[in-house]
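Some notes on the structure that comes next.
Read-outs: derived from the displayed coordinates by stated rules, not from any lab. Everything quoted here is computed from the prediction, not taken from an experiment. Here the Cβ positions follow ideal geometry from the backbone for every residue, glycine too, while neighbour counts run over all protein chains shown.
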Amino acid sequence: MIPLGSCTMKLNAASELMPITFPGFAHMHPFAPLEQAQGYHEMFAQLEKDLCEATGFAAMSLQPNSGAQGEYAGLMVIKAYHEANGDADRKVCLIPSSAHGTNPASAVMAGFEIVVTKCDEMGNIDVEDLKAKAEEHKDRLGALMVTYPSTHGVYEEAIQEITSIIHAHGGQVYMDGANMNAQVGLTNPGNIGADVCHLNLHKTFAIPHGGGGPGMGPIGVAAHLADFLPGSVMLEKAGGSKAINAVSAAPYGSALILMISYAYIKMLGAEGLRHSTEMAIVNANYIKARLSEHYGILYTGKNNTVAHEMILDCRDFKRDAGVEVADIAKRLIDYGFHSPTVSFPVAETLMIEPTESEDKEELDRFCDAMISIRKEIKEIENGHADRENNLLKNAPHTADCIINKDWNYPYSPQEAAYPIEYLKDYKYWVPVRRVDNAFGDRNLICSCPSIESYEMA
Amino acid sequence: MNIPQELKYTKDHEWVKVEGDIATIGITDFAQGELGDIVYVEVETEGETLDAEEVFGSVEAVKTVSDLFMPIAGEIVEFNEELESEPESVNSDPYGAGWMIKVKVADTAQLDALLDADAYKALVG
């Protein structure tokens with residue numbers, strides 16, 4: 001399990017990945033004439049229809065290659081819509097302080113001016129502040145960018161009120177689809193009052209990601225925006241009748257990997273997709289229930305539940321035990337886990353998103369590891385373990401350090417390598433110990449070979 | 001935590017030391033502790049005149065990048081170029097070798113609005 005919060009790392013089934021090797025799809029040029037790519041276009045049409053259904057929108061553009069490119073495309077569509085209505089001056093974009101940093105970056109690139117709105121102490125959008133700022137900028141309000149469920153892993157209760165405030169003041173609502181894994185089949189962006197959203201097909205719809213892509217970030221739009229979807233100079237068919245310029249060179253982005261999402265959707269069907277969402281939410285709440293006795297859960301909704309992810313508060317450990325969240329992340333490697341997201345969206349916290357992919361045994365294994373690490377922190381808090389020289393600060397432990405005859409840590413090699421029973425059956429041995437991040441960041445070394453090395457010997 | 005009595009502070013965790021009409025500005029001990037290992041300090045506003053609360057640069061730590069805000073309005077007359085090769089001084093000596101910029105104060109009345117050491121101590125608790 002790679003429980004990366006905010007990034008939905010789910011199972012990428014081999015059966016979903018297989019079609020990308022089919023020569024008929026794999027060997028097609030992105031600019032191939034329409035009549036030579038009919039199979040592709042049939043797949044695009046069905047995928048667009050299915051994604052429209054999942055989002056509650058009228059039209060879809062499969063062009064953007066990433067979430068950020070989707071944001072840019074969606075905002076350019078909103079801008080074109082305002083211009084077509086003679087509202088070229090609607091350039092203010094409201095963004096809540098809880099937003100992912102990509103949102104303001106995309107808005108600036110698309111030519112908007114950012115106005116940040118506040119969040120309350122529960123992590124929700126401060127509706128009064130939003131209302132005041134929408135009112136203040138009502139003549140120039142262009143858009144709101146909002147993530148639902150929020151970056152804090154909570155279904156924002158006031159979401160429909162929020163979107164109607166924006167509409168009442170002449171703005172359009174852009175929904176960041178990063179957390180769609182908590183919506184598919186249960187609710188949708190159209191339902192909450194959004195006008196545009198992107199989908200991270202590499203998160204919600206099973207395309208593998210990490211290590212730089214490739215991803216896909218198609219955008220869905222409500223009917224009044226369909227005419228503005230991005231076009232392509234290479235393919236007349238792509239985009240709406242008043243299309244904005246292309247946002248990506250290829251008219252259908254990284255078209256080949258759309259096969260993966262297509263397979264995921266077709267094999268699960270509507271019922272399976274909905275069940276996936278339900279399991280993702282149930283799994284997150286199971287972890288929350290097990291861990292909340294041991295860790296603070298930073299934000300919960302009104303029923304004391306979370307959406308599909310949660311933030312574990314690790315901030316007090318620094319004061320009480322000198323333990324930083326990175327130490328927990330490193331220690332998790334000794335337990336055989338890739339760490340959840342650290343210090344996002346709140347510094348010194350862990351953001352956990354199990355997704356629907358893992359069974360109860362795996363969830364329990366992860367919870368057992370987290371609970372065991374909490375006990376190790378407690379040993380430091382109550383003075384039984386040293387603040388500097390302990391299991392967490394020295395993690396991760398390689399096989400090389402465990403078998404070293406000069407072992408001189410104040411704990412046993414067994415405690416370091418096998419702190420918990422399941423590790424005796426399944427142990428991941430990490431190849432390197434702690435890397436000095438600060439040294440690495442301060443001393444960039446170009447590893448390009450010198451030009452002389454290209455000379456023929 | 002070190003909060004020298006003779007300095008002025010902002011809620012954004014900058015400190016200000018005034019000598020004549022020149023203010024030396026850096027980030028507090030609390031700020032460097034929260035940021036962790038600082039790997040880069042970027043200030044490209046030397047010679048510019050900025051308003052209070054405008055961004056004069058950014059500080060990059062291993063885990064995050066943070067904007068630096070002008071505590072008061074004025075012209076940035078000097079950047080501590082030592083930080084280009086030794087950004088870690090911000091961690092080791094935030095009020096000394098880790099200073100960031102010197103500003104020619106535009107309006108000394110603005111200095112009165114800054115926090116004193118006790119008020120800043122109350123803020124970071």
> Which order do A:Arg331, A:Arg374 fall in if you start with the one that has the fewest other Cβ atoms within 10 Å?
Replying inline: A:Arg374, A:Arg331
> Hey, what did segment A:277-442 get for relative contact order, percent, Cα under 8 Å, at least 6 apart?
Replying inline: 24 percent
> If you put +1 on each Lys and Arg Cβ and -1 on each Asp and Glu Cβ, how big is the dipole of the protein assembly as shown around its Cα centre, in Debye rounded to 20?
Replying inline: 2020 debye
> Considering amide H positions built from the backbone, and no H for Pro or chain starts, which residues 5 or more places from B:Ile38, or on another chain, come under 5 Å of its amide H?
Replying inline: B:Asn91
> For chain A, what is the convex hull (Cα atoms) projected area averaged across all directions, in square nanometres?
Replying inline: 27.1 nm²
> Across segment A:398-407, in residue order, what do the Karplus-derived ³J(HN,Hα) couplings come to in whole Hz, using 6.51 cos²θ - 1.76 cosθ + 1.60 with θ = phi - 60° and x for Gly and Pro?
Replying inline: 7, 4, 4, 6, 5, 8, 5, 5, 8, 3
>> Tell me the angle of helix A:38-55 to the major Cα principal axis of chain A, expressed in degrees between 0 and 90 and rounded to the nearest ten.
In response: 80 degrees
> Does anyone have the angle between helix A:360-381 and the longest principal axis of chain A? Alpha-carbon axes, 0 to 90°, nearest 10?
Replying inline: 50 degrees
> Going by how many other beta carbons lie within 10 Å of each one, how would you line up A:Glu53, A:Glu293, A:Glu71, fewest first?
Replying inline: A:Glu293, A:Glu53, A:Glu71
> Counting only residues 5 or more places away or on other chains, whose amide H sits under 5 Å from the amide H of B:Gly57 once H atoms are built in the peptide plane?
Replying inline: B:Leu68
> Which of B:Ile25, A:Gly336, A:Met28 sits farthest toward the positive end of the charge dipole of the protein assembly as shown, with +1 on the Cβ of Lys and Arg and -1 on the Cβ of Asp and Glu?
Replying inline: A:Met28
> If the limit is 19 Å between Cα atoms, which of A:Lys91/A:Lys203; A:Lys118/B:Lys121; B:Lys8/B:Lys121; A:Lys203/A:Lys266; A:Lys79/A:Lys138; B:Lys11/B:Lys121 go over it?
Replying inline: A:Lys91/A:Lys203; A:Lys118/B:Lys121
> From the backbone phi of segment A:286-297, what are the Karplus-calculated ³J(HN,Hα) couplings (6.51 cos²θ - 1.76 cosθ + 1.60, θ = phi - 60°) in whole Hz, Gly and Pro given as x?
Replying inline: 5, 4, 4, 4, 6, 8, 5, 6, 10, 10, x, 9
> Toward the positive end of the charge dipole of segment A:31-253, about the Cα centre and with charges on Cβ (Lys, Arg +1; Asp, Glu -1), which of A:Asn181, A:Met43, A:Gly220 goes farthest?
Replying inline: A:Met43
>> I'd like to know which of A:Thr151, A:Ala347, A:Asn200 lies farthest towards the positive end of the charge dipole of the protein assembly as shown, counting +1 on Cβ of Lys and Arg and -1 on Cβ of Asp and Glu.
In response: A:Asn200
